[in-house]
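The values are calculated or read from the model by the stated rules, or taken from the named source; none is laboratory data. Keep in mind it's a predicted model, so treat the numbers as computed, not measured. Using ideal geometry, Cβ is built from the backbone for each residue, glycine included, and neighbour counts are taken over all protein chains shown. Just the protein is used for accessible areas: all its heavy atoms, side chains included, with ligands, DNA and RNA removed. Shrake-Rupley method; radii C 1.70, N 1.55, O 1.52, S 1.80 Å.
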Amino acid sequence: MTTITMDLSNTRSRDLQLPPDAVVPPKIDARGVNFFYGTAHVLHDINLSIPEKQVTALIGPSGCGKSTFLRSLNRMNDIIPGARAEGVIEIDGRNVNDPGVDVVQLRRRVGMVFQKSNPFPKSIYENVAYGLRIGGLHHRASMDEIVEKSLRRAALWEEVKDRLGASASALSGGQQQRLCIARALAVNPEILLMDEPASALDPIATQKIEELIYELKDNYTIVIVTHNMQQAARVSDRTAFFMLGRLVEYSETKTIFMNPREQMTEDYVTGRFG
Amino acid sequence: MQRHFDRDIEEIKDLLLRMGAMVEDTISQSIRALMERDTDLAEEVIARDDEIDRMEVEIDQKTIELIAKMQPAATDLRFVATIMKITPELERIADLAQDVCERVTELNREPQLKPMVDIPRLAHDAQRMVRQSLDAFVRGDANLARQVIAQDDNVDHLTEQSFRELLTYMLEDPRNISRAIRLTFIGKYFERMADGATNICEMVVYLVEGKVIKHGASLHGAE
């Protein structure tokens, strides 16, 4: 087994802020984020500014903390017993960890798509309408309109428009994943978190998801965790490389894949470990 | 961790070095043919270009295959990009050595115009630059690459000096013109070999440091 030693002495957190050339204002600004599962310290002093309406990829080997960081952006970690967050994660200037934050509201603004598609055991239509219904919308025509718009945005409408009443479980894996994206879009979020959204899909379904991500960034801020480095290179504008719970390097994606600053990033993207 | 990719890279590097050695050999033989007025040797060099062309095609194919299979990133990506730019430079340098030999066979049909002073210096400087550019590539030595680039001005100066001298021969007697023009060409060929070495060295700096230094200072530091 390869032993990895880390020298992070040159990795100053101020270097890991949004690069000065970025003209887009940060949508998400994480400062001094630490995270613990019980006594296990899994995120160490993460400072990361994520720009609006761009795709930011989080990469790193298994257990590096990238998914924990992603889930902390809409407080999905709250449901894990013994989990504890420190530091500030601001979305549009408001700290999501403030006691006064309504977590349900937060998760409407910050939607999430998981590795394994998880449609409800309901019809295609009802899957997309679900969030709207529990949000209090019952007007049928408005509902129809939002369901269609969401399915169109998720590039699924043409494939399902004639069978909206059919069970979601009858869809293929790739279609189910796009249905989950449509479901997330229906409640009109500003940010979309994606945790390895294509890792369980075949190459064609993966390509569709990647094309969709590319389309969606015109309207949404997207943060994606991926194990597939080429996927990160293809879809993202910026890439953050995590290692053993620390943010090692954060830069424009082209820099990470062409000329990374840190040796550890170099070793990871060239497959020398990981 | 030794990767499968590393073995592929080593194989391509070996091929490129073999090609480089052949190109160096071609240059030194073209210089010898020129200095010793050896038409047979010149014709031998001309006939041997196919092998270098074949190696260029082989390296191209292997590099493209590597991109398709491995999708290289970071240093690996810069290495592949460097190989793809260095190989045609080497092939062009070999072509220029052949051009020298073609002019040599033409010159040898007439008496020698004048004792050669500047062109041999120019030729040896260009040859040294090509050799050092390959050394810089093999060692991943950006400092050596920069030293080689710095020599290019001197080669340009020698080329200009040689041209001015040959011009005096042309002005002196129109019967000198065809030989003087051929010698001017030869000077230019060596000068372009030095340019090729400079281009290789610019790619070595890119490979090692990720910096684009070609086309002057305006782009220094560009990535």
Tell me, which helices (runs of 4 or more DSSP H) wholly within region A:55-174 include 1 or more residues that are under 16 Å from the mean Cα position of the chain (by Cα) and touching a residue at least 40 places away in the same chain (Cβ under 8 Å)?
A:66-72, A:103-109
Scanning region A:252-272 for residues that are out of contact with any helix residue (DSSP H, G or I) (no Cβ under 7 Å at 6 or more places or on another chain) and more than 8 Å from chain B (Cβ to nearest Cβ) gives A:252, A:254, A:261, A:262, A:263, A:264, A:267, A:268
The listed residue being within 14 Å of another protein chain (Cβ to nearest Cβ) and free of Cβ contacts under 8 Å to residues at least 24 places away in the same chain, out of B:32, B:48, B:3, B:78:
B:3
Search region A:227-248 for residues being open to solvent by less than 40 Å² (accessible area, probe 1.4 Å) and within 12 Å of residue A:65 (Cα to Cα), and hand back the single one that is nearest to the other protein chains (Cβ to nearest Cβ).
A:241
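In region B:204-223, which residue that is assigned to a helix (DSSP H, G or I) and away from chain A (no Cβ under 14 Å) is modelled with the highest pLDDT?
So the residue we want is B:204.
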Set B:69, B:85, B:62: member being within 14 Å of chain A (Cβ to nearest Cβ), of a type in the set (Lys, Arg) and either assigned to a helix (DSSP H, G or I) or over 30 Å from residue B:169 (Cα atoms) (or both)
B:69
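Of the residues B:194, B:180, which single one is surrounded by 24 or more Cβ atoms within 10 Å (Cβ to Cβ) and modelled with pLDDT of 95 or more?
On the way: B:180 fails: surrounded by 24 or more Cβ atoms within 10 Å (Cβ to Cβ).
The unique qualifying residue is B:194.
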Check region A:193-216 and report whether any residue there is modelled with pLDDT of 95 or more and open to solvent by 60 Å² or more (accessible area, probe 1.4 Å).
no
What's the number of the only condition in (1) open to solvent by 10 Å² or more (accessible area, probe 1.4 Å); (2) on the phi > 0 side of the Ramachandran plot; (3) touching a helix residue (DSSP H, G or I) at 6+ places or on another chain (Cβ under 8 Å) that residue A:114 fails to meet?
(2)
For residue B:9, which of the numbered conditions (1) open to solvent by 70 Å² or more (accessible area, probe 1.4 Å); (2) within 14 Å of chain A (Cβ to nearest Cβ) fails to hold?
(1)
Could you pull out the residue among B:32, B:7 that is part of a helix (DSSP H, G or I), under 21 Å from residue B:128 (Cα atoms) and of a type in the set (D, E, K, R)?
B:32
Suppose we filter region B:116-153 for residues that are within 12 Å of residue B:200 (Cα to Cα), open to solvent by 60 Å² or more (accessible area, probe 1.4 Å) and modelled with pLDDT of 95 or more; how many remain?
2
So, in region B:197-206, exactly how many residues are open to solvent by 20 Å² or more (accessible area, probe 1.4 Å) and not polar (S, T, N, Q)?
3
